[in-house]
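This report refers to the structure that appears directly beneath it.
The values are calculated or read from the model by the stated rules, or taken from the named source; none is laboratory data. Just so you know, these numbers come straight off a predicted model, no measurement behind them. Heads up, the Cβs are rebuilt from the backbone with ideal geometry, glycines too, and the neighbour counts pull from every protein chain shown.
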Amino acid sequence: MLTIDNLANEIDGKAILKGLSLSIKAGEIHAIMGPNGAGKSTLAYTLGGRPGYQVTGGDASFNGVNLFSLEPHERAAAGLFLGFQYPVEIPGVSNLQFLRESLNSQRKARGEEPLSGGEFIKLAKEKAALLGLDMEMLKRPVNVGFSGGEKKRAEMVQMGILDPKLAILDETDSGLDIDALKIVGAGINAIMRKPDKAVLLITHYQRLLDYVKPDFVHVLAGGRIVKSGGPELALELEREGYAEVAAA
């Protein structure tokens, strides 16, 4: 589904990723862990197409298509979803308006018919219930006045509605208490743990992986993946930290 080969990039002339390679197949959940400044969020933003993240080497393909040949909205329409560590606020635009426009824009790009108002509301209620989010919250401006946990749950509702093929979730566990973590973890499993979908989780800590069990865990340090393994690798990192593996 996603193949990254020797990817290098820079921000404002500073090299961040320095030859990163990774392959994710449909049906798999991968977790990337690593110390601060290793390039984890940079990887997510580069794959998502955030401006300012200049690819200087290597390539990435998404379902056989050169990912970097696509504009950000084209990547989204192709089925890529990027979850942010700090979801942004959009005053004056309700969640329902934002989500309906986003979904129907992607459907149009894929040559599909837009959902009617009634069809969309039914879908939104279903996904909001899955994440324990009151529909009244979706009538409010996007993330305005939301707690950290509410922002993350709203983002997972967005993921459920857009129904991507690949979700790249950048520190989704950031700012979540234990109850919100359980809800978000259950939502990720319900939405994305399917044979035709895949997930790339970016996290500092093991705790999210207690709820969303990864198939593979990778350590990113110095702009490269320096070690890969199964779920047990995350437990090792939790016990021993990153210093030894990052220096290897």
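Selection within segment 184-196: residues that are part of a helix (DSSP H, G or I) and surrounded by fewer than 20 Cβ atoms within 10 Å (Cβ to Cβ). The member of this set that is nearest to the chain's Cα centre (by Cα) is 189. The single residue among 137, 159 that is more than 16 Å from residue 201 (Cβ to Cβ) and not charged (D, E, K, R) turns out to be 137. For segment 194-214, residues that are in contact with a His (Cβ under 8 Å, 6 or more places away or on another chain) and within 15 Å of residue 1 (Cα to Cα) total 3. On the given criteria, is residue 235 outside any loop (DSSP other than H, G, I, E, B), in contact with a strand residue (DSSP E or B) (Cβ under 7 Å, 6 or more places away or on another chain) and not small (Gly, Ala, Ser)? So residue 235 does not fit the description; no. In segment 168-183, how many residues are on the phi < 0 side of the Ramachandran plot, more than 12 Å from the chain's Cα centre (by Cα) and part of a loop (DSSP other than H, G, I, E, B)? The qualifying residues number 3.
Residue count for segment 53-97 satisfying the condition of being in a loop (DSSP other than H, G, I, E, B) and either modelled with pLDDT under 90 or under 19 Å from the mean Cα position of the chain (by Cα) (or both): 11.
The set of residues in segment 36-93 that are farther than 24 Å from residue 151 by Cα and charged (D, E, K, R) comprises 59, 71, 74.
Counting only residues that are at pLDDT 90 or above, surrounded by 20 or more Cβ atoms within 10 Å (Cβ to Cβ) and in contact with a helix residue (DSSP H, G or I) (Cβ under 9 Å, 6 or more places away or on another chain), segment 27-52 holds 6 of them.
Yes/no matrix, rows are residues, columns are (1) of a type in the set (Val, Ile, Thr); (2) in contact with a Lys or Arg (Cβ under 8 Å, 6 or more places away or on another chain); (3) over 30 Å from residue 94 (Cα atoms):
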{"position": "180", "(1), (2), (3)": "no, yes, no"}
{"position": "218", "(1), (2), (3)": "no, yes, yes"}
{"position": "225", "(1), (2), (3)": "yes, no, yes"}
{"position": "239", "(1), (2), (3)": "no, no, yes"}
{"position": "242", "(1), (2), (3)": "no, no, yes"}
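If you filter segment 120-159 down to residues that are at pLDDT 85 or above and polar (S, T, N, Q), you find that the one that is surrounded by the fewest Cβ atoms within 10 Å (Cβ to Cβ) is 143. Yes or no: segment 178-194 includes at least one residue that is within 12 Å of residue 29 (Cβ to Cβ), small (Gly, Ala, Ser) and free of Cβ contacts under 8 Å to residues at least 24 places away in the same chain. Taking every residue of segment 178-194 in turn, none turns out to be within 12 Å of residue 29 (Cβ to Cβ), small (Gly, Ala, Ser) and free of Cβ contacts under 8 Å to residues at least 24 places away in the same chain.
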